[in-house]
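A.B. asks: Sharing a structure, written as structure tokens. Questions coming.
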Amino acid sequence: MRLCPAHRAREHRPSGMMEREVRMAGWEPRELLQEWLEASTYPARVRENYRRSAARWLAHCAEEGLGWDRVAAQHITLWAHVPGAPHRSTAQRVSAVRSFYAHAVRQNALPYNPAARGPRLTSAAQLTPSRLDPWQSAVLLATLDERRRTDSPQPRLDRVCGYLQVGLGLRSAEILRITLDDLTTVHDIGGDPETLRLSDSGGHQRLVRLPAVIRSVVKAYLPHRIPPRDPVHGGPLLTSRAGIKIPHHHPIDLLRSVAAASGLLHVPAPAPHPTTARASRH
């Protein structure tokens, strides 16, 4: 019998790897949840809070059609972040999901923890959305929510730009290519935009479903959007005060500014120059 490439690859896998895949495929999340809680040494109140948060996360995955064992950090971020909620509540939700997935990894139910804690940010070069952990991303979203005109001339635009980066993991070039016509509303005219059409530099397109929290952010921005000078395809989604596309460096500068304002970005003070150091000792 002729085997397909996938079967041939499976034949050559080490037996230990195949056994691990069988174990990973056999786990039911609710069983893992109960096993995790029973094995935990958390105080009763913490255990109950963790149980509630993890159960809500699994329910969210089921409602949104997300495989609980195939989610990315951004999925956890957008679920954990509730605009206006205290930071400690967000931290508790992320911590519960992180601990649940850590148990799943220990039981070989998952190969990785999507909520794992990321390294401390000490350089602006680390501010790549795909490298941020869910708590770091949620802190950035909360800081974007708090932006006012004293922080930026267009805080609603900044909020959309930041949410597209942190919540969807879009790069600057992808954000700058978005036009108003790329927002699609399926059910009613003037309603929440439900999908976003993204184009790459080669002209290929794909549709992305917008999570509810991002839909609300975009909807709040649209009435305040500056009409574009060039209305082709509705014009750029994000328009500057002059009615043109925002500068190419705006998304990156925004992320750095928000990270610094939130306290996430810890840039060490430069070492004193040797001459200065000697002068200070005299």
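A.B. asks: Can you tell me the Rg and the Dmax, both Å, for the Cα atoms in segment 191-271?
C.D. replies: 16.4, 54
A.B. asks: Something else now. List the residues whose amide H sits under 5 Å from the amide H of Tyr42, counting only those 5 or more places along or on another chain, with H placed 1.01 Å from N in the peptide plane.
C.D. replies: Excluding prolines and chain starts, which carry no amide H, there are no hits.
A.B. asks: Leaving out ligands and nucleic acids, and using a 1.4 Å probe, what accessible area per residue does segment 79-192 come to in Å²?
C.D. replies: Value returned for segment 79-192: 46 Å² of accessible area per residue.
A.B. asks: Sticking with this one: What net charge is computed for the residues neighbouring Gly243, neighbours being all others with C-beta under 15 Å from the C-beta of Gly243, Lys and Arg scored +1, Asp and Glu -1? Let's see the in-between values first.
C.D. replies: Details: positive: Arg225, Arg229, Arg241, Lys245; negative: Asp230.
That sum, taken over residues with Cβ under 15 Å, equals +3.
A.B. asks: How big is the dipole moment of segment 70-151 about its Cα centre under a simple scheme where the beta carbon of each Lys and Arg is +1, that of each Asp and Glu is -1, and everything else is neutral? Debye, nearest 20, please.
C.D. replies: Details: 11 positive and 4 negative charges, 25 e Å.
For this selection, approximately 120 debye.
A.B. asks: Once phi is turned into θ = phi - 60°, what whole-Hz ³J(HN,Hα) does the Karplus curve with 6.51, -1.76 and 1.60 give for every residue of segment 49-66, x standing for Gly and Pro?
C.D. replies: Here the 3J(HN,Hα) series is 5, 5, 4, 5, 5, 5, 5, 5, 5, 5, 5, 4, 4, 5, 5, 8, x, 9 Hz.
A.B. asks: Could you give the accessible area per residue of segment 196-251, probe 1.4 Å, as a whole number in Å²? Mind dumping the intermediate values first?
C.D. replies: Values: 3320 Å² over 56 residues.
I get 59 Å² per residue for segment 196-251.
A.B. asks: Right, next: Need one number: the % of Cα-Cα pairs in segment 88-176 sitting beyond the 22 Å mark.
C.D. replies: Working: 1499 of 3916 pairs.
For segment 88-176, the share of Cα pairs beyond 22 Å comes to 38 percent.
A.B. asks: If only Cα atoms are counted, what is the Rg of segment 29-132, and what is its Dmax, in Å?
C.D. replies: Rg then Dmax for segment 29-132, in Å: 14.0, 41.
A.B. asks: Starting from one equal scatterer on each C-alpha and no solvent at all, send me the Debye-based log10 I(q)/I(0) for segment 107-150 at q = 0.18, 0.30, 0.34 Å⁻¹, two decimals.
C.D. replies: Ignoring solvent entirely, the Cα scatterers give -0.65, -1.10, -1.21.
A.B. asks: For every other residue with a beta carbon closer than 14 angstrom to the beta carbon of Arg229, add +1 if it is Lys or Arg and -1 if Asp or Glu, then tell me the sum. The partial results should precede the final answer.
C.D. replies: On the way: positive: Arg225, Arg241, Lys245; negative: Asp230.
Net of charged neighbours comes to +2.
A.B. asks: Quick one: net charge of Gly118's neighbours, Cβ under 14 Å, K/R +1, D/E -1?
C.D. replies: On the way: positive: Arg98, Arg117, Arg120, Arg131; negative: Asp133.
Neighbourhood net charge equals +3.
The values are calculated or read from the model by the stated rules, or taken from the named source; none is laboratory data. On a predicted model such as this, the values are computed, not experimentally measured, just so you know. No Cβ is skipped: glycine too gets one built from the backbone with ideal geometry, and neighbour counts run over all protein chains shown. These area figures cover heavy atoms from the full protein model, side chains too; ligands, DNA and RNA do not enter into them. Shrake-Rupley method; radii C 1.70, N 1.55, O 1.52, S 1.80 Å.
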